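The values are calculated or read from the model by the stated rules, or taken from the named source; none is laboratory data. Treat the numbers as computed from the prediction; the structure is a model and nothing was measured. All Cβ positions, glycine included, derive from the backbone under ideal geometry; neighbour counts span all protein chains shown. Accessible surface is based on the protein model in full, side chains and every heavy atom, while ligands, DNA and RNA are left aside. Shrake-Rupley method; radii C 1.70, N 1.55, O 1.52, S 1.80 Å.
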Amino acid sequence: MTAVLYPPVEPYESGLLEVADGQSLYWETVGNPAGIPVLYLHGGPGSGCTVGARRFFDPEVFRAVLFDQRGCGRSLPLASSPDVDLTVNTTAHIVEDIERLRGHLGIERWIVTGLSWGVSLGLVYAQAFPARVQAMALGAITGGTRVEIEWITRAMGRVFPREWEEFVAPLPVDERDGNLPAAYARLLADPDPVVRENAALQWCRWEDVHVSLMPGWTPSVRYQNPDFRRVMTRLVTHYWGNDCFLAPNQILDGMDRLAEIPAILVHGRYDISGPLDTAWTIHQRWPGSQLVVLDDAGHGGGGFNEAIVEALNSLAHSI
């Protein structure tokens, strides 16, 4: 694998786009204003974009668009306050936001790339607007299903039993057998800031645990930031507690809409947070897709970023 991340780059344009429901989305564009348009969808839900994500895109080739999804990053209002209305923060709302942003930037069609939750979001968007998507480069493949959510929040307790007991300890005993993200969402909206902060800390500790089996793993420094913790945990529990606002098997049932869209799917064999079977099943339903399995990667690491760069460059040369 010869592809490497590109040097750091600053946006040549950025702004706040007012969309529905009193939301303002931060967006930025990097690279070549006359290049191939490509949209980047961050993970989480609620992680926001990082400056490092700009480095996936060859600045000579791509006009890369990055934005912070509702409630996180530099978008407003942030979801960190329990007073913020999350009923206007759903997958359908974000899909509408993406289309609004595309029109605002005058882009006819674009490559869509995303990581983790950004994969599920990208697939829902592409199924809703296939004519707007030239190709897709997706990494750490997810499908937003209840099975995946139960795996990551409950079944993983079989791998990390002590840590899982610590994870569920803040929850009322009568809620530990139910919808764990929804139970955490209630704690994260508690009027007591001490309750909210403890819940955010415990959730982030579990997030760090369930990715820790990949080679070379180190704890995520972003979880040390209390502002980040408050935003991310409130959004991820809101989405997971509501099955990512998707119908059962919605993404798999809609794969026929993507039949004409080429795609490269990148997944780590050590990704125990999101087992390989989701990527395999989506690949099997998608004739135009190529599945790249990285033997030394998990939910990142092991040449993962470089594989995303290589996928984007390969698609750019083929469309």
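Figures for the structure shown
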{"item": "Using θ = phi - 60° and Karplus 6.51 cos²θ - 1.76 cosθ + 1.60, couplings along region 24-37 (whole Hz; Gly, Pro as x)", "result": "10, 9, 7, 9, 8, 10, 10, x, 9, x, 9, x, 6, x"}
{"item": "Cut-off 15 Å between beta-carbons: net charge of the residues surrounding L188, Lys and Arg +1, Asp and Glu -1", "result": "-2"}
{"item": "Backbone N within region 50-94 under 11 Å of label point (7 Å from L16 Cα along the Cβ vector)", "result": "74-78"}
{"item": "Computed FRET value (nearest 0.05) for A247 with S24, which takes r as the C-beta separation and R₀ as 25 Å", "result": "0.30"}
{"item": "Relative packing of peptides 280-289, 132-141, 176-185 - highest average C-beta neighbours within 10 Å first", "result": "132-141, 176-185, 280-289"}
{"item": "Most to least packed among 249-262, 195-208 [average Cβ atoms within 10 Å]", "result": "195-208, 249-262"}
{"item": "Span per principal axis, largest first, for the Cα atoms of the chain (Å)", "result": "55, 43, 37"}
{"item": "GluC sites (Glu not before Pro) within region 13-95, DSSP loop, no more than 12 other Cβ atoms inside 10 Å", "result": "E60"}
{"item": "Loop-resident sites, region 52-129, for trypsin sites (Lys or Arg not before Pro), counting at most 16 other Cβ within 10 Å (DSSP)", "result": "R74, R109"}
{"item": "Computed over region 172-242, the ratio Rg/Rh where both radii use C-alpha atoms and Rh is Kirkwood", "result": "0.99"}
{"item": "Long-range amide H partners of Q290 with built H, under 5 Å", "result": "A263, I264, L265"}
{"item": "Sequence of W164, W240 from largest to smallest accessible area, 1.4 Å probe", "result": "W164, W240"}
{"item": "Taking the convex hull of Cα positions in region 74-152, its mean projected area over all directions (nm²)", "result": "6.5 nm²"}
